[in-house]
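*Asks:* Structure below; questions to follow.
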Amino acid sequence: MRIIMNEHIVNKVIVITGAASGFGRLVSIKAAALGAQMVCADIDRAELEVTENTIKAAGGSVTSLVTDVTHLEQMQALANHAIDHFGRIDVWINNAGIMPLAFHADHAIAAPAWNRCIDINFKGVMHGIMAAHDHMINQGQGHIINLSSIYSNFPVVGAGVYGATKAAVNFLSDSLRVESQGKIKVTVIKPTGVPATGLGAGIINPAAVIGILGQNAPGYMQQRDAMQNGELPIETTDVNSIEYYALEPDYLADQIVAVINQPWGVNISEITVRASGDAYIL
């Protein structure tokens with residue numbers, strides 16, 4: 001029997017955007033605890049400092065830089081910051097994103113958020129790839145992880161713009177994997193509905209979530225109401241139950257860290273992590 005030693009993440013230099021909250025903060029803390037050297041970025045200075053201080057308090061290695069992913073020059077400065085502090089970039093995680101779900105009929109109120117969505121979700125990822133690419137090629141190896149979504153699988157009502165940005169992330173990712181000729185590993189992460197990450201705060205029209213649910217919409221709405229009222233059956237809140245309903249962010253963050261914690265010759269190219277009892281159809 002071959003014993004797998006999960007120490008491949010030790011001393012890897014990991015750059016991550018959106019590190020001030022949600023998956024970004026969780027992945028940063030978890031990776032640092034396993035010995036990674038973290039370069040954390042976000043537009044929110046105060047919350048970014050919370051992430052950095054949490055890692056430092058636990059004895060981890062970290063630096064941070066306030067960065068707006070919509071500006072290429074700031075992303076290039078982030079790459080240079082990583083090189084200046086740690087000498088290389090092993091992993092770059094394009095995590096920053098927003099989710100302004102709305103119907104096309106909502107365009108009058110949704111347009112500003114939709115444009116912001118394109119700038120962050122698509123251009124932000126493109127800027128991250130551009131900032132890291134040459135460093136990784138020159139090193140002879142690197143790993144780029146892009147946060148996509150199950151909304152990228154195929155079009156659904158209420159998610160035209162958001163889904164399009166995430167589908168574009170998939171295209172960027174696959175083209176990078178092929179073009180880099182094995183020099184850069186590429187992973188696409190497709191989260192399902194994960195409460196407590198703050199992503200849902202950007203929804204423009206709450207009714208727009210109906211598109212991804214299809215025939216499961218009535219059951220989902222019933223469970224959602226029960227969760228909000230603290231009335232979910234105990235088995236749906238127990239991660240050891242097959243009926244576990246609402247995935248805690250920690251479990252997805254653990255899988256992102258596991259993707260990083262692989263030998264250089266192993267690339268997990270795509271993952272979707274769901275609660276076994278969730279009501280999604282994509």
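*Asks:* Tell me which residues, restricted to segment 27-76, are of a type in the set (G, A, S) and in a helix (DSSP H, G or I).
*Replies:* Within segment 27-76, S28, A31, A32, A33, A46, A57 qualify.
Let's see how each residue does on (1) of a type in the set (S, T, N, Q); (2) in contact with a strand residue (DSSP E or B) (Cβ under 8 Å, 6 or more places away or on another chain); (3) over 24 Å from V13 (Cα atoms):
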| residue | (1), (2), (3) |
| --- | --- |
| N115 | yes, no, yes |
| K123 | no, no, no |
| A132 | no, yes, no |
| I144 | no, yes, no |
| L147 | no, yes, no |
| A167 | no, no, yes |
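*Asks:* With the requirement that a residue be under 22 Å from V257 (Cα atoms) and in a loop (DSSP other than H, G, I, E, B), what does segment 77-119 give you?
*Replies:* Of everything in segment 77-119, those that are under 22 Å from V257 (Cα atoms) and in a loop (DSSP other than H, G, I, E, B) turn out to be G87, R88, I89, D90, N95, A96, G97, I98.
*Asks:* If we keep just the residues of segment 131-159 that are of a type in the set (S, T, N, Q) and assigned to a loop (DSSP other than H, G, I, E, B), which is surrounded by the fewest Cβ atoms within 10 Å (Cβ to Cβ)?
*Replies:* Q141
*Asks:* Against the conditions (1) closer than 27 Å to K123 by Cα; (2) touching a strand residue (DSSP E or B) at 6+ places or on another chain (Cβ under 8 Å), where does E73 fall short? Just the number, please.
*Replies:* The single condition E73 does not satisfy is (2).
*Asks:* Further question on the same structure: Would you be able to tell me the number of residues in segment 226-282 that are within 24 Å of Q181 (Cα to Cα) and touching a strand residue (DSSP E or B) at 6+ places or on another chain (Cβ under 7 Å)?
*Replies:* Going through segment 226-282 one residue at a time, the tally reaches 8.
*Asks:* Looking only at segment 84-105, which residues are touching a helix residue (DSSP H, G or I) at 6+ places or on another chain (Cβ under 7 Å) and small (G, A, S)?
*Replies:* If the condition is that a residue be touching a helix residue (DSSP H, G or I) at 6+ places or on another chain (Cβ under 7 Å) and small (G, A, S), then A96, G97, A102 are the ones that fit.
*Asks:* Related question: Looking at (1) part of a loop (DSSP other than H, G, I, E, B); (2) modelled with pLDDT under 80; (3) acidic (D, E), find the lone condition where D225 falls short.
*Replies:* Of the numbered conditions (1) part of a loop (DSSP other than H, G, I, E, B); (2) modelled with pLDDT under 80; (3) acidic (D, E), the odd one out for D225 is (1).
*Asks:* When A33 is evaluated against the numbered criteria (1) among the small types (G, A, S); (2) in contact with a strand residue (DSSP E or B) (Cβ under 8 Å, 6 or more places away or on another chain); (3) more than 17 Å from N146 (Cα to Cα), which criterion, by number, is the only one it fails?
*Replies:* (2) is the only condition that A33 fails.
*Asks:* Just checking, how many residues over segment 14-65 are among the β-branched types (V, I, T) and within 18 Å of the chain's Cα centre (by Cα)?
*Replies:* Result for segment 14-65: 9.
*Asks:* Also: Here is a list: G128, G160, G124, G142. Which entry is of a type outside the set (A, V, I, L, M, F, W, C), touching a residue at least 24 places away in the same chain (Cβ under 8 Å) and farther than 28 Å from V266 by Cα?
*Replies:* Exactly one residue qualifies, and that residue is G160.
*Asks:* Could you tell me whether any residue of segment 31-42 is closer than 20 Å to D119 by Cβ, surrounded by fewer than 24 Cβ atoms within 10 Å (Cβ to Cβ) and at pLDDT 95 or above?
*Replies:* Checking segment 31-42: not a single residue is closer than 20 Å to D119 by Cβ, surrounded by fewer than 24 Cβ atoms within 10 Å (Cβ to Cβ) and at pLDDT 95 or above.
The values are calculated or read from the model by the stated rules, or taken from the named source; none is laboratory data. Just so we're clear, the structure is a prediction, and the values are computed from it rather than from any experiment. Cβ atoms come from the backbone with ideal geometry, glycine included; neighbour counts cover every protein chain shown.
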